[in-house]
Amino acid sequence: MASPEFLSLEQSLEENLPPADLSNVRRILFGRETRKLDLPPSALVAASQRDFELLAFAFEASKEQLRPARPVRVGLVQNRIRLPPDAPVSEQVGALHGRIVEILEVAAQCGVNIVCFQEAWTMPFAFCTREKLPWTEFAESAEDGPTTRLCQKLAKTHNMVVVSPILERDEAHGDVLWNTAVVISNSGAVLGKTRKNHIPRVGDFNEATYYMESTLGHPVFQTSFGRIAVNICYGRHHPLNWLMYSLNGAEIIFNPSATIGELSEALWPIEARNAAIANHCFTCAINRVGVEHFPREFTSGDGKPAHCDFGYFYGSSYVSAPDGRRTPGLSRTRDGLLVAQLDLNLCRQMGDLWNFKMTGRYAMYAEELAKASQPDYRPHVIKE
């Protein structure tokens, strides 16, 4: 596993390859190169002063005769927690609120239309501990909790759609918890919410102690800037999960995550990019950064010694396009804002080129999946 001190694959390539080799390596790794966006000097200065990385790229589509271009700018925010997990809950939340406010001010200067934060952005990712207090105190209402109210204000102020993944307290249904993303319109209204469809039971990810799989299905949100969906974290490992958001019309699928190097870093550059190709849409993969140390040791039931942290959250957030191109990733070690300008016309253009949805055998899959889910199912294996 690459150490936390390893800043990024992209930086290593730039520092160690001659220009001709670098161009070919980048073409093979990332597809046809994305154009760097020019950003206001004031935004670059503000990002430097506030100590976060700021990168910006553009994906173009072919010019059409009957449809104008459909440009939209998305912003992906990755960050570390601001205070240690043993600080008072209200102070931790307040510090993270403050950090997001200052990053969104820069996103607004960059013309971002839709922004998405990392999974459970208002808290440390404490679901490894299996403890209830104080971690369940971070949960709040998706409709009118303090984080949603803050995001409503920011959305309206900046004319920006905000995707805010939180730990939800569902007061209408017995105060149960959910891993939820709240989608807030650029008008400031709560457009709706979606929840995590797949709950990991891998290593330290003991999330079923806190919440279960969503019952909301695969909602897609029509915003002023395009149709978006939110595939939270572990759902990226399930190709059919991406597919269902796409079949419901998503043009951009955000994947807010919290994942560590030892477990998933080799998978990270592949899964969201493959989903963009397979589903003729844009995908936005977001991961937090840093190590979060908890007050008491916990074990994973895997024979390893008890420990006080998950491991290293490696950042590396990126955007991928339906033609297979992807941006370089943000740093593995720093807070960051990745801005990407997408021409949504590229979704249909790549669908017309590759015809995956026309050639997909969905009725056949549905029939066979229905059979496979039955207790008396026998695999269709032909033997001599």
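We did not get these values from a lab; they are worked out from the coordinates using the rules stated. A quick note: this is a predicted structure, and the numbers were derived from the prediction, not measured. Positions of Cβ are backbone-derived with ideal geometry, glycine not excepted, and every protein chain shown enters the neighbour counts.
Around His293, with a cut-off of 15 angstrom between Cβ atoms, what is the net charge of the other residues, counting Lys and Arg +1 and Asp and Glu -1?
Charge balance near His293 sits at -2.
So how do 341-348, 364-371, 148-155 stack up, highest first, on mean other-Cβ count within 10 Å?
Per-residue mean Cβ counts within 10 Å order the peptides as 341-348, 148-155, 364-371.
Quote the relative contact order of the range 35-372 in percent (integer), defining contacts as alpha-carbon pairs under 8 Å separated by 6+ residues.
Reported as a whole number, the value is 21 percent.
So how do 24-37, 188-201 stack up, highest first, on mean other-Cβ count within 10 Å?
Ranked by mean Cβ neighbours within 10 Å, highest first: 188-201, 24-37.
Spelling out what I want: for every residue of the range 175-184, take phi, set θ = phi - 60°, compute 6.51 cos²θ - 1.76 cosθ + 1.60 (Karplus), and round to whole Hz; glycine and proline get x.
Along the range 175-184, the couplings run 6, 6, 9, 9, 8, 10, 10, 8, 10, 10 Hz.
Seen from all sides and averaged, what is the projected area of the convex hull of the Cα atoms in the range 35-372, in nm²?
17.7 nm²
What are the residues whose amide H is under 5 Å from the amide H of Phe57, where those residues sit 5 or more places off or on another chain and H is modelled from the backbone?
Here Leu37, Val339, Ala340, Gln341 satisfy the definition.
Counting alpha carbon pairs within less than 8 Å and at least 6 residues apart, what relative contact order, in whole percent, applies to the range 150-232?
24 percent
Which of the peptides 277-288, 74-85 is most tightly packed, and how do the rest follow, going by the mean number of other Cβ atoms within 10 Å of each residue?
Descending mean neighbour count gives 277-288, 74-85.
Just check the range 185-284 against the gyration tensor rule for me: Cα atoms, a ≥ b ≥ c as the square roots of the eigenvalues, rounded for a/c under 1.5, and otherwise prolate or oblate depending on whether a/b exceeds b/c.
In terms of gyration-tensor shape, oblate.
Within straight cross-link reach of Lys193, meaning Cα distance under 22 Å, which lysines are found once same-chain residues fewer than 8 apart are removed?
Lys153, Lys156
How far is the Cα center of the range 340-384 from the Cα center of the range 62-117, in Å?
Cα centroid to Cα centroid, the span is 33 Å.
Based only on other Cβ atoms within 10 Å, what is the fewest-to-most ordering of Ser264, Ser224, Ser257?
The order, fewest Cβ neighbours first, is Ser224, Ser264, Ser257.
Report the residue, chosen from Ser23, Ser317, Ser373, that carries the largest GNM mean-square fluctuation when the chain is represented by alpha-carbon nodes joined by springs under 10 Å.
Fluctuation is largest for Ser373.
How would the range 238-293 be classified by its alpha-carbon gyration tensor: rounded, prolate or oblate, with rounded meaning a/c under 1.5 and the a/b versus b/c comparison settling the rest?
prolate
For every other residue with a beta carbon closer than 13 angstrom to the beta carbon of Phe6, add +1 if it is Lys or Arg and -1 if Asp or Glu, then tell me the sum.
That works out to -2.
Given a Förster distance of 30 angstrom, what is the FRET efficiency for Glu64 paired with Val202, based on the Cβ-Cβ distance and rounded to 0.05?
So, using R0 = 30 Å, E works out to roughly 0.10.
With label points built 7 Å along Cα→Cβ from the Cα atoms of Arg27 and Thr359, find their separation and express it in nm.
2.5 nm
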